[in-house]
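Have a look at the structure below, then the notes.
All of the numbers you see were taken from the coordinates with simple rules; none came from a lab. Since this is a predicted model, take the numbers as computed values, not measurements. Ideal geometry is used to build each Cβ from the backbone, glycine not excepted, and the neighbour counts take in all protein chains shown.
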Amino acid sequence: MLSELQKQKFIKLFSMYDACSNGHLDRKDFEAIVNKAARIKNWSSRSAKYQTLFYKYIDKWEGLEKTASQGKNHQVTLTEWLIYHEALIQDPQRYEAQVQEAMDLVFDIFDDDGNGEISMEEWASFLSLYNISPVYSEFIFPILDQNQDGALHKDNLLELIRTFYFSDDPEAVGNLIFGPFRY
């Protein structure tokens, strides 16, 4: 069973994906995220990067819909989302696969120079993709960058995401990964 803190974090995550702000997730939300990424990165809808990202996000949506949508109405409600994540964190292999996939997407889109690191500016772009004000980046990035080298590396980010998903400590650094949320 999800703790109250985990519920609040997963509600935050749900709101990030609800690009259309209509209280449920559907394919249009995932398309909107891809289109926003294209605008941020100045990609044409015909570019290879856009096409690759589009198919990855649609695949992500279809997997979520198939697994989480109980009404088979091509939507995922907040309740279904929470049930989905409760099951996800109880299945370590599935969790690891999904987090790795998400991590790869972040680096594919925002690691502009391909150095395997995400800078504060790149993190601000990531936050803006999910309608989180990039101003939070200057406040949370130095906290997330625990070794203070000016970058988030894949292993750092994986640990922060694990903390976000699993920690019940309201003061845990990983809780800040996607900006503020209410608890």
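Brief remarks on what is shown
- Basic side chains Lys and Arg get +1 at the Cβ, acidic Asp and Glu get -1 at the Cβ, and with that the dipole of the chain about its Cα centre reaches some 820 debye.
- Added length on full extension, which subtracts the Cα-Cα distance from 0.36 nm per residue, His153 to Leu78: 23.9 nm
- The average projected area of segment 92-168, computed from the convex hull of its Cα atoms over all directions, is 5.4 nm².
- The charge dipole of segment 92-168, taken about its Cα centre with unit charges on the Cβ of Lys, Arg, Asp and Glu (plus for the first two, minus for the last two), comes to roughly 340 debye.
- Our estimate of slack between Glu62 and Gln8, defined as 0.36 nm per intervening residue step minus the Cα-Cα distance, is 17.0 nm.
- From phi via Karplus (6.51, -1.76, 1.60), per-residue ³J(HN,Hα) for segment 124-139 in Hz, x at Gly/Pro: 4, 5, 4, 4, 5, 4, 9, 6, 9, 4, x, 4, 5, 4, 5, 8
- Percentage relative contact order, segment 1-90, counting C-alpha pairs under 8 Å, at least six apart: 32
- Peptide ranges 25-35, 150-160 listed from the most packed, as the mean C-beta count within 10 angstrom indicates: 25-35, 150-160
- Counting 0.36 nm for each residue step from Arg46 to Ala97 and taking away their Cα separation leaves a gain of 15.5 nm.
- Segment 106-183 - percent relative contact order, Cα under 8 Å, separation 6 or more: 26
- Relative contact order for the chain, counting Cα pairs under 8 Å that sit 6 or more residues apart, in percent: 23
- Most positive-pole-ward Cα, Gln146, Ile40, Phe110, against dipole of the chain from beta carbon charges: Ile40
- When the convex hull of its Cα atoms is projected in every direction, mean area for the chain (nm²): 10.2
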